[in-house]
Amino acid sequence: MAESSIRENLAEIKERIRAACNKSGRSPEDVTLIAVSKTKPNDAIIEACIAGQLHFGENRMQELQDKMESIELPGIKWHMIGTMQSNKIKYIADRVDWIHSVSKKKYLDEIEKRAVSADRTINALIQVNISGEDQKSGCEIDALEGILTHAKDLSHVKICGLMGMATFTDNPEDVREEFALLRTTMESHQYLNGGNIQLEELSMGMSGDFEVAIEEGSTMVRVGSAIFGSRNYG
């Protein structure tokens, strides 16, 4: 998949999002496409921006920092979707728009501290382990209430919803229940809404399974290889 086909790839993904929304009686306007640009050069991101893509996700905090500093385009939005490191939050807090991978109270406290210093509010999602795999990040469902209650005392972090990573599989239907679990988990915690907690967003679904995720209620899909092509890790 050549970089020169990024525009075509985006158009195809958006059409698939439309079809999945139509199938489940939803509006495509309710689903945000996040182009996962990890390991990809700045030129690829700029090409995607020119094609109309504004939301970009990065997995590594250092790479996100470098790209935010290098690419300044009108309307661009940056999402941190990878593993959190408390000691590096300070490097992204002045520019990042969304942090998807918050799984502990200590991360919330550090984001709050840095957001206060930058005089801005950062949108955050609580990552929940929906696959049951030890290697997957995310809090356990029974810890979610405590994390959300802790977040109520924060003034510069807005908790907008939940994020989950499904089991890697060749058959998207195999993970439908995991996506449904994240949706019902958010529904069951609506009683905590108020102030800076507004549980509305569900970040779930990647290149291989985003259509099933949309059918199960996803509002943010994280798509990388289907847009930018396969990655070379060297």
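Would you confirm whether or not segment 158-176 contains a residue that is on the phi < 0 side of the Ramachandran plot, assigned to a loop (DSSP other than H, G, I, E, B), surrounded by 18 or more Cβ atoms within 10 Å (Cβ to Cβ) and touching a helix residue (DSSP H, G or I) at 6+ places or on another chain (Cβ under 6 Å)? Working first, answer last.
Step one: list which residues in segment 158-176 are on the phi < 0 side of the Ramachandran plot, which gives 158-160, 162-176.
Checking the rest, the ones that are also assigned to a loop (DSSP other than H, G, I, E, B) come to 164-171.
Going one step further and asking which of them are surrounded by 18 or more Cβ atoms within 10 Å (Cβ to Cβ), we end up with 164-166.
Okay, now just the ones that are also touching a helix residue (DSSP H, G or I) at 6+ places or on another chain (Cβ under 6 Å), so 164, 166.
So far as segment 158-176 goes, yes, one or more of its residues are on the phi < 0 side of the Ramachandran plot, assigned to a loop (DSSP other than H, G, I, E, B), surrounded by 18 or more Cβ atoms within 10 Å (Cβ to Cβ) and touching a helix residue (DSSP H, G or I) at 6+ places or on another chain (Cβ under 6 Å).
Can you pull out the residues in segment 82-112 that are among the basic types (Lys, Arg) and either touching a residue at least 24 places away in the same chain (Cβ under 8 Å) or closer than 28 Å to residue 180 by Cβ (or both)?
Result: 88, 90, 95, 104, 105.
Of the residues 195, 146, 132, which single one is at pLDDT below 95 and either crowded, with 20+ Cβ neighbours inside 10 Å or more than 22 Å from residue 80 (Cβ to Cβ) (or both)?
On inspection, the qualifying residue turns out to be 132.
Is there a residue being outside any helix (DSSP H, G or I), of a type in the set (A, V, I, L, M) and over 19 Å from residue 158 (Cα atoms) anywhere in segment 80-97? Step through it out loud before you land on a result.
Initially, segment 80-97 is screened for residues outside any helix (DSSP H, G or I), giving 80-85, 92-97.
Okay, now just the ones that are also of a type in the set (A, V, I, L, M), so 80-81, 84, 92-93, 96.
Retained after the next criterion (residues that are over 19 Å from residue 158 (Cα atoms)): none.
Looking for residues that are outside any helix (DSSP H, G or I), of a type in the set (A, V, I, L, M) and over 19 Å from residue 158 (Cα atoms), one finds none in segment 80-97, hence no.
Against the definition (within 30 Å of residue 173 (Cβ to Cβ) and either buried (at least 21 other Cβ atoms within 10 Å of the Cβ) or without any contact (Cβ under 8 Å) to a residue 24 or more places away in the chain (or both)), how does residue 153 come out, yes or no? Full working, then the answer.
Working: within 30 Å of residue 173 (Cβ to Cβ): no; either buried (at least 21 other Cβ atoms within 10 Å of the Cβ) or without any contact (Cβ under 8 Å) to a residue 24 or more places away in the chain (or both): yes.
Criteria not met by residue 153.
Within segment 53-76, which residues are farther than 20 Å from residue 221 by Cβ, at pLDDT 95 or above and among the hydrophobic types (A, V, I, L, M, F, W, C)?
61, 68, 71
Please name all residue pairs, on different chains or six or more residues apart, with Cβ atoms under 9 Å, provided the first residue is in segment 190-211 and is over 28 Å from residue 152 (Cα atoms) and the second residue is among the β-branched types (Val, Ile, Thr) and surrounded by fewer than 17 Cβ atoms within 10 Å (Cβ to Cβ).
Close Cβ pairs (under 9 Å, with a partner that is among the β-branched types (Val, Ile, Thr) and surrounded by fewer than 17 Cβ atoms within 10 Å (Cβ to Cβ)) amount to 208/169; 209/169.
Name the pairs: first residue in segment 9-26 and under 17 Å from residue 45 (Cβ atoms), second residue aliphatic (A, V, I, L, M) and assigned to a helix (DSSP H, G or I), Cβ to Cβ under 8 Å, at least 6 apart or on different chains?
Once the first residue is under 17 Å from residue 45 (Cβ atoms) and sits in segment 9-26, its partners that are aliphatic (A, V, I, L, M) and assigned to a helix (DSSP H, G or I) give 9/226; 9/227; 10/48; 10/227; 13/226; 13/227.
The values are calculated or read from the model by the stated rules, or taken from the named source; none is laboratory data. Just so it is clear, the model here is predicted, and its values are computed rather than measured. Cβ atoms come from the backbone with ideal geometry, glycine included; neighbour counts cover every protein chain shown.
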